[in-house]
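Below is one structure, written out as structure tokens; comments come after it.
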Amino acid sequence: MLDVGKWPVFALLPPEELRLIRQACVFGSAANEALYVTVNDEVFALGTNCSGCLGLGDLQSTIEPRRIDVLCGKKIVSLSYGTGPHVVVATSDGEVFAWGHNGYSQLGNGTTNHGLTPALVSTNLLSKRVTEVACGSHHTIALTTDGEVYAWGYNNSGQVGSGSTANQPTPRRVSSCLQNKVVVNIACGQLCSMAVLDNGEIYGWGYNCNGQLGLGNNGNQQTPCRIAALQGVNIIQVACGYAHTLALTDEGFVYAWGANSYGQLGTGNKSNQALPTLINTDKERIVEVAACHTSHTSAAKTQSGQVLMWGQCRGQAVASPHLTHFSSTDDVFACFATPAVTWHLLSVDGDDYLTVAQSLKKEFDSPEISDLKFLVDGKCIHVHKALLKIRCEHFRALLNETDEDSIEIHQFSYLVYRAFLEYLYTDTINLPPEDAIGLLDLATFYRETRLKRLCQETIKRGISEENAITLLSAAVKYEARPSSFLGPGGVLLQVLRQPPNSCDADPGLCRHGPRAAQELH
């Protein structure tokens, strides 16, 4: 399932519909329009429908999703939008469809009439396969499998790259310096365009009054110009904000240039930069940069999965990369950008599907599809009978004798019992050593040998001078036999070690406690 919960426009969708979403895009002047694709390749739209940008054939707003029939089954691979707004998509077949605002011919159909339904963009593209599209405020560019770039629409600053400032009514190949070169990535600011080549070079054209082309000057460019300052640097991704640009290198470094009144360059100040400036990301390798032509917000994701943000963040100017708790750059734009639109097409990729282990971990203590709950200390723990039978001999015997859907547990605490059940789902434990003693007692009771070893390792790793008394108290509580262990600083500490599975003949005299006695005899 694609998590779109952070975008309010989806708030009224029922859970059963949300579970079907595989791709989504939020756009509009107030993030009040959205498109999404379901697992069945059906395409739906909802929102205010400015200029017919929902592609529904009319100008009516809709609070409930309506299907865009012409796009169903098309398998969208790229989507972008302008500020009109106009919307452009590329399909897996390499076709391009566009609709919405068309006051500057940004739909590429040769007219300036708004498009109320998705229409195929055919001029000069019928024999091409488009893999990526990008939109500025009122212009569009498209990248083909051949590495060619086509552009159309508003051209007041040269953003179409045609060598003039006349609007371009239909797709035209951007040649000039890009002739015989292979482009692999494209992006648009409000009034500029950027392209990354397969050799790591980066080119820009269009509006440049804030230095967003990275050329060292503020002059507009009507044809693509190579950013010479990055000579020898291998760029692999570019992202454009309203009037600033971010570029990612193959070594995980980030360069930024352009407007900086909100700190969106991440340089620690608010001075514009007409040349690429290396951003300090605390030596973390960056694997993705994110920006959107509608905002002054920047974001990046590190190789370890951390997400940084800077620039305009809900009205604040954050001038240096700030570490967040988010798991994706999409979350930054949902929660902090103005407007809170998506910076690219949200998609569930193959990499986003969970492994078996991840799926089991995710379903632990989730009431949605569980068929058994344990009541411990007045709290519920939701589990699955089949998994418990597979993972634990105790539960296999117990659950074969009963079909109850609720079992009360009195002899163990909620914390300990939950940790035990979670272990059955994940093969790991995550407890402080003091609580691991209680789990060790439970492992003995249920004859879980591997769990006992994990608990012993946790206790040994976590023992210290500060918690030795606490551990000793817990040892006494569970009547477990200690053995010597040399702890930090050479201090002789006591760490628990469960006794062998042999005992005195009389269970009542068992020194291991009543639970161990019950198991051992």
Fill in the blank from the handout: Note on region 369-463: alpha-carbon gyration tensor, axes a ≥ b ≥ c; rule is a/c under 1.5 for rounded, else prolate if a/b larger than b/c, else oblate; result prolate
Problem - region 201-343: relative contact order in percent, alpha carbon pairs under 8 Å with at least 6 residues between - result: 19
Completion exercise
Length gained, A317-S164, 0.36 nm per residue minus C-alpha separation, equals 51.5 nm
Fill in the blank from the handout: A convex hull over the alpha carbons of region 73-202 yields, per residue, a volume in Å³ of 88
Handout entry: region 169-218, relative contact order in percent, only Cα pairs under 8 angstrom and at least six apart counted
Key = 22
Problem - Label-point separation, T62 to T112 (7 Å along Cα→Cβ), nm - result: 3.0
Practice task
Please label the shape of region 1-108 as rounded, prolate or oblate, based on the square roots a ≥ b ≥ c of the eigenvalues of the alpha-carbon gyration tensor (a/c under 1.5 means rounded; beyond that, a/b larger than b/c means prolate, else oblate).
Solution key: oblate
Handout entry: For region 314-409: rounded, prolate or oblate by the Cα gyration tensor [a/c cutoff 1.5]
Key = prolate
Exercise for the section: Count charges around D330 for me, please; just the other residues with Cβ under 11 Å from its Cβ, Lys/Arg as +1, Asp/Glu as -1. Expected result: -1
Handout entry: Normalised contact order of the chain, rounded percent, pairs of Cα under 8 Å and 6 or more residues apart
Key = 7
Fill in the blank from the handout: Here the Cα Rg-to-2.2 N^0.38 Å ratio for the chain is 1.27
Completion exercise
Computed on Cα atoms, Rg of region 224-369 relative to 2.2 N^0.38 Å comes out at 1.14
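Given the convex hull over the Cα atoms of region 271-324, what projected area results after averaging over all orientations, in nm²?
In nm², the orientation-averaged hull projection of region 271-324 is 4.2.
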Completion exercise
Rounded to a whole number, the Stokes-Einstein D of region 410-459 in µm²/s (Kirkwood radius over Cα pairs; 20 °C; 1.002 mPa s) is 207
Completion exercise
Convex hull around the C-alpha positions of region 73-112: the volume in Å³ per residue is 60
Practice task
Could you estimate the translational diffusion coefficient of region 162-266 from the Stokes-Einstein equation, with Rh from the Kirkwood formula over C-alpha pairs, at 4 °C and 1.567 mPa s, in whole µm²/s?
Solution key: 94
Fill in the blank from the handout: The summed charge of the E284 Cβ neighbourhood (under 14 Å; Lys/Arg +1, Asp/Glu -1) stands at 0
Handout entry: Compactness relative to 2.2 N^0.38 Å, alpha carbon Rg of region 230-281
Key = 1.05
Fill in the blank from the handout: Taking Lys and Arg as +1 and Asp and Glu as -1, residues besides I235 with C-beta under 10 Å from its C-beta add up to -2
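Throughout, read-outs are computed from the coordinates displayed, never taken from laboratory work. Just so it is clear, the structure is predicted and the values come from calculations on it, not from any experiment. Don't worry about glycine lacking a Cβ; one is built from the backbone with ideal geometry, like all the others, and counts go over all protein chains shown.
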